[in-house]
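See below for the structure under consideration.
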Amino acid sequence: MKSALKWDILAKCSTTKARAAVLTLPHGPVNAPVFMPVGTQGTLKGITPDQIEGLGCQIMLNNTYHLGLRPGQELLDACGGAHTFQGWNRNLLTDSGGFQMVSLLKLAEITEQGVQFESPHDGSLMLLTPEHSMSLQNSIGADIMMQLDDVVSSLTTGPRVEEAMWRSIRWLDRCIKAHKKPETQNLFAIIQGGLDPVLRKKCIEEMVKRDTPGYAIGGLSGGEEKDKFWRVVSQCTDLMPREKPIYCMGVGYAEDLVVCVALGVDMFDCVFPTRTARFGNALTSTGTLSLRQAKFKDDFRPIEEGCDCIACKSYTRAYLYTIVTKETVGCHLISIHNTAYQLRLMRQIRESIIEDRFPQYIHKFFKDLFVEKSAYPEWVVNALKSVNVDLIEGDKQQA
Amino acid sequence: MSSFSFKLQDNSAAKSHLHARTGTLAIASAHQEKRQIDTPGCFMYSIKGSVPHLTPDNLRQQTFGGVNVAMEQILQTDQPQSFSKWTNPFAPESQKLMSVADYLHLQDLILLCDFHDSAPLEPFSKRASNTDYHVVLSTPKGIRQLTLEDYLKIVRHYRPDIVAALTDSILETTQTAGNPTPHKKVPSQKRVRKSVDRSLKWLDQVLEERQGRDGMAEDRKKEQEKRTKREKKQKARDAKNAVDGDTEMTPAANEDQEEGNAFVSQPWTDITVFAHVQGAHMKEERIRSAQETARRDQVQGFIIDTNDLWATLSKEHEKRSGEILAHVQTSLTHLPSEKPKMVYGVRTPEDVLKAVAMGVDLFDTSYPYQLTEDGKASLYEYGVEAAAAAPSIPTTNKSVVTNRWINLWDEEHADQFKPIMEGCECYACKGNRHTRAYINHLLKTHEMLATVLLMGHNMHQYSLFFSKVRESIQDGTFEAKATLFSEVFGIEPESTGEKHEAQIAVEAALQKRNQRLETAEEGVVEAIGGAVPAGQPVSKMEDAEQQASKKKRPSQEVEEGVDIAAKEKALKK
Ligand SMILES: [Zn+2]
Ligand SMILES: [Zn+2]
């Protein structure tokens, strides 16, 4: 199908499956691997678009379900889409809205036609079809839009998983057909198939035939064992076309990002960094600081030494302790820091790939975070071993 | 070494019979560029040392030159009262001690440090009584008593540009049988007199100390006498009861005193002192306080806090501002004209104009803050013939829309893809970046960017208002324009304390969600235990996250949707 993006791979890691690339979208270039902050309602937790840009963010997420409710399709059409609506001139990605329907609304039921749910407005039965999702996402005008998929929890087993996989393929066809602006908006397919390698393989084969501009690995991060999670991710990146961007949905904890990049993933999103900021939790390379705790009351260091965000440049932990979760400014500052942290992490990863020292970066990253090798999670060790990085012995070999 | 100056401009050519004047309040110091506030102007209103909603970068887009920091909001009961042992990590020389401006990252503004919130929204908060030896501060973590000795330590450690001398503000509340909520109390004449006396006594002591002389000798002597008496009694009691001899004096008291003594020789004359004038609702006491305070040459400026008048004002909204201003006038008449005067509790544009006409120089920015909290965006303009906005229209909401502001909670703005104010240079309005429709959306979805944008706009317009007022004083049009302003914009409608119905619905839904979220996040915090002990950081945290939100893809804000559903239902009703 038509594509409105360019995907230029700049460098490939000589050890792992990681790659550094530039993804050129209608609203400018995106350096990959990339973390995309989530601005659910068309805004990122009190941070102004100028501040987000200032952090070096090139692409942000919006949620279709929420924008569909408010401001609604009519107003989005009237003002010319979500970019204009929120004053954001860089790229946007929207989900399909399906996941939210299923998880938010108790009475959601999935039929071949679409997701049936009870309207939060008046309780009447409504239907989100692939066509309706495309129409909404066309109105939003996101640079990347996601197909409506049949979402099942990653903990589900049995025939339902296969049914969902096949239905997602059929819905992809309907999405492609209903997509009105393939010249300016990129439709990504979502690979389903649960934790079953056979189903994942089949799904990839079918979806690759549709030749969408990019692919997402869906149906993960739902509480499945980490050891199963990474194996699915790795299997998918092996089977997916290497000349297209690969997006792993809902992944955003720092160590997951490092591992998944090594496994060949290019794009990530997660609401965690900004959501946790609201509760005064600040992310650092040595772990999370819960700034609500009284032990910070006379800690006169910045959140993270060397961070150039406005919170770290201006305030001490002691002062932040007095305002987090109390004043909106406290919340904005931690949100800004956490977003800066995520984006910096991705920048460092990318630079290390370009300079072909990503394995060394991985060693340092885990040492900073866990200090003791005995504390390294087993799944991380296994996952990285599969791409030739031996966390336990490897740093000695390199030294 | 920094120096304070206040220079009035000669506007005699403007030939006004009013007392309105323009000037410049400035702090010059060797290691920093000169900082100044053009008057009439403002010290920005802050909460816990931050201007509400504005991160430092957004704050720097505002042009106010000063900020007012309330000691009671940053002096928490669980934090040490000084920064003495804290060095400033941001300072070039690693040994530089941290000042309050460093701590709050307000170094480029003139920092005025006072005790109480200059615009308390809730006058009924728990207030105990001041005594001869301490004032009562209402900190975020509870009541804290501040003695003069504490105060002096704080001034020496905080090193603000300007500090308000310790004063006895009457902000007491009373509780009557059958009415569990404390209510405002009309102070007795005796109490008012005492407040004036105490404030003068404390002022003298503060000024002595400022010169490096011991202003505390008398107090210490009395304190020592009391202590000796106490000890004697205690000893007698102990002997009588023949308890196990555990009668050691707490060493803390002695240490405190030593520390206090150590400072006696250090003057702090580079810190400017402003003094509160008291007198509450009693004319003769206001005059006495003003005259006596004015006599102290070291005092460089005066603060007239009208918040203590609450209990004595009329019930009728229209009368109140006149009554407040009459009290302000009483104090002003007896204060030296060459020094700056600041007023608390006079904040609406029309009241500011009246106070400026009397010769008041300084205000705070609690007005734009309060508009912002209500979801209002200001539209008033000084010097225009007609209001830019539509005249008062009754809307779906009970509140009447006046031409001085719009309430962006009103549904009529949902499809208004235009700026709050054409031609406004604030971040939201400039280039029509953030429209009324967008802000309406942000309010309804309870997104914090709403107040960020509104605060930016409201503060910008307030500052513009002041700069136009200054211009008009200089070019002789102040009188005419002030009259014009009241013709076009009338007076601020009484805030009924009733929130917009949409706001009520959204906040109720939000509260529910926050409780849920809080519980989920509590698990995270517990699991990670703050600064993560090396070894088990994020992996543990993630378990907690996932347990708390089974089946959830973390990328999606599941709670938000439920929230919307609840809001929608509430709105439909
Ligand atoms: Zn930072
Ligand atoms: Zn504006």
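Every listed requirement among (1) at pLDDT 95 or above; (2) touching a Phe, Trp or Tyr at 6+ places or on another chain (Cβ under 9 Å); (3) surrounded by fewer than 21 Cβ atoms within 10 Å (Cβ to Cβ) is met by B:Ala482 save one, (3). Being surrounded by 24 or more Cβ atoms within 10 Å (Cβ to Cβ) and more than 16 Å from ligand 1 (Cβ to nearest atom) is a property that does not hold for A:Asp238. Taking the range B:24-54, which residues are small (Gly, Ala, Ser) and either in contact with a strand residue (DSSP E or B) (Cβ under 7 Å, 6 or more places away or on another chain) or modelled with pLDDT of 95 or more (or both)? Those that are small (Gly, Ala, Ser) and either in contact with a strand residue (DSSP E or B) (Cβ under 7 Å, 6 or more places away or on another chain) or modelled with pLDDT of 95 or more (or both): B:Ala26, B:Ala28, B:Ser29, B:Gly41, B:Ser46, B:Gly49, B:Ser50. Cβ-Cβ below 7 Å, separation at least six or inter-chain, first residue in the range B:163-179 and on the phi < 0 side of the Ramachandran plot, second among the small types (Gly, Ala, Ser) and modelled with pLDDT of 65 or more: which pairs? Listed by first residue and then by second, the contacts come to B:Ala165/B:Ala275; B:Thr167/B:Ser199; B:Asp168/B:Ser195; B:Asp168/B:Ser199; B:Ile170/B:Ser195; B:Ile170/B:Ala280; B:Glu172/B:Ser129.
Per-residue answers, yes or no, for (1) surrounded by fewer than 24 Cβ atoms within 10 Å (Cβ to Cβ); (2) closer than 24 Å to A:Leu148 by Cβ; (3) out of contact with any Ser or Thr (no Cβ under 7 Å at 6 or more places or on another chain):
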| residue | (1), (2), (3) |
| --- | --- |
| A:Ile9 | yes, no, yes |
| A:Ser14 | yes, no, yes |
| A:Leu23 | no, yes, yes |
| A:Pro29 | yes, no, yes |
| A:Ala32 | no, no, yes |
| A:Thr43 | no, no, yes |
| A:Leu67 | no, yes, yes |
| A:Arg70 | yes, yes, no |
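Selection within the range A:60-85: residues that are more than 7 Å from chain B (Cβ to nearest Cβ) and free of Cβ contacts under 8 Å to residues at least 24 places away in the same chain. The member of this set that is nearest to A:Pro33 (Cα to Cα) is A:Thr84.
Of the residues making up the range A:210-238, those that are more than 12 Å from chain B (Cβ to nearest Cβ) and farther than 14 Å from A:Asp196 by Cα are A:Arg210, A:Asp211, A:Thr212, A:Pro213, A:Gly214, A:Tyr215, A:Thr237, A:Asp238. Within the range B:37-48, the set of residues being within 14 Å of another protein chain (Cβ to nearest Cβ) and closer than 27 Å to B:Gly23 by Cβ comprises B:Met44, B:Tyr45, B:Ser46. Scanning for something more than 23 Å from B:Asp351 (Cβ to Cβ), buried (at least 19 other Cβ atoms within 10 Å of the Cβ) and touching a residue at least 60 places away in the same chain (Cβ under 8 Å), does the range B:428-442 turn up at least one residue? Within the range B:428-442 (the criterion being more than 23 Å from B:Asp351 (Cβ to Cβ), buried (at least 19 other Cβ atoms within 10 Å of the Cβ) and touching a residue at least 60 places away in the same chain (Cβ under 8 Å)), the answer is yes, since at least one residue qualifies. The sole residue among B:Ala450, B:Ala414 that is buried (at least 24 other Cβ atoms within 10 Å of the Cβ), more than 16 Å from ligand 1 (Cβ to nearest atom) and small (Gly, Ala, Ser) is B:Ala450. Restrict the check to the range B:6-23 and report whether at least one residue is closer than 16 Å to B:Phe64 by Cβ and in contact with a strand residue (DSSP E or B) (Cβ under 6 Å, 6 or more places away or on another chain). Yes - at least one qualifying residue is present in the range B:6-23.
The values are calculated or read from the model by the stated rules, or taken from the named source; none is laboratory data. Note that the structure is a prediction, hence the values are computed from the model and not measured. Glycine gets a Cβ as well: all are built from the backbone with ideal geometry, and neighbour counts include every protein chain shown.
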